[in-house]
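Only one structure is covered here, and it is reproduced in the block below.
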Amino acid sequence: MPSFPSPFGSDDGDLFDGYDEFVSDHVPRPGEFLEPHDLLTGEDHVAFHRLTRDCFEDRKVYDMTFNYNLARLNLDTRHTGAGYRYAVERGDAADADTDAVEAVDADRVLRAEFTPTTPFCPQTHTLTIGSFRAWNGLSDRHEYDLVRVRAASMHHQSEAINEQLAELERTYLETGDVTAVPEGGSEIGSNPMERSMENEAPSRGSTDAPF
């Protein structure tokens, strides 16, 4: 796998907030997946997002459009409505897909909602699955038994992506395996030419790389 440039220490610091800052106008507005739950703000958000940076760096969850660690998108002042927001799940705010995590204490479940830079971002499917695998595959680094991930509803394929993310949750809770490949994943976020190329030959990486 080709190496990625480090997202730290660049000379474009004026374009980015710091990892120790919570700038409310520079983070996405929480969507329907987070609204009924206990939203992380201030230092709580900052602390988990710093941990996210390290998890994403280890698992190479990179935004290939901007060529940096996905956690840095939250800090990019050119895209103030994009990135991740987090909330601790409340057991009394049940929803249609809560059945998959009934066996997990609600206060040990974190919800993470990803808002891409555009409604047609082709990376949203790959990035949200990569995020799920990074957080849950490195669960010894944080206090949560499960991190649930969803794409914001503004994305044109959010429903299909979120169905696959819910499937990954169920598989992970049943088996402890974060590397499962959801059915139909190659149909989401790719164009017909890309799908044809996938069918002709395997990709350069394995099905679970780089996440």
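The values are calculated or read from the model by the stated rules, or taken from the named source; none is laboratory data. As the structure is a computational prediction, the values presented were derived from the model and not from experiment. Every residue, glycine among them, receives a Cβ derived from its backbone with ideal geometry; neighbour counts consider all protein chains shown.
Listed here are the residues, each with its yes/no results for (1) at pLDDT below 95; (2) at positive phi; (3) assigned to a helix (DSSP H, G or I).
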| position | (1), (2), (3) |
| --- | --- |
| 47 | no, no, yes |
| 51 | no, no, yes |
| 55 | no, no, yes |
| 58 | no, no, yes |
| 71 | no, no, yes |
| 74 | no, no, yes |
| 78 | no, no, no |
| 86 | no, no, no |
| 93 | yes, no, no |
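Would it be correct to say that residue 130 is assigned to a loop (DSSP other than H, G, I, E, B) and either within 12 Å of the chain's Cα centre (by Cα) or surrounded by 14 or more Cβ atoms within 10 Å (Cβ to Cβ) (or both)?
When the stated conditions are applied, residue 130 does not pass them.
Suppose we filter 133, 141, 150 for residues that are of a type outside the set (Gly, Ala, Ser), in contact (Cβ under 8 Å) with a residue 40 or more places away in the chain and under 15 Å from residue 181 (Cα atoms); which single one remains? Lay out the reasoning, then the answer.
Working: 141 fails: under 15 Å from residue 181 (Cα atoms); 150 fails: under 15 Å from residue 181 (Cα atoms).
On inspection, the qualifying residue turns out to be 133.
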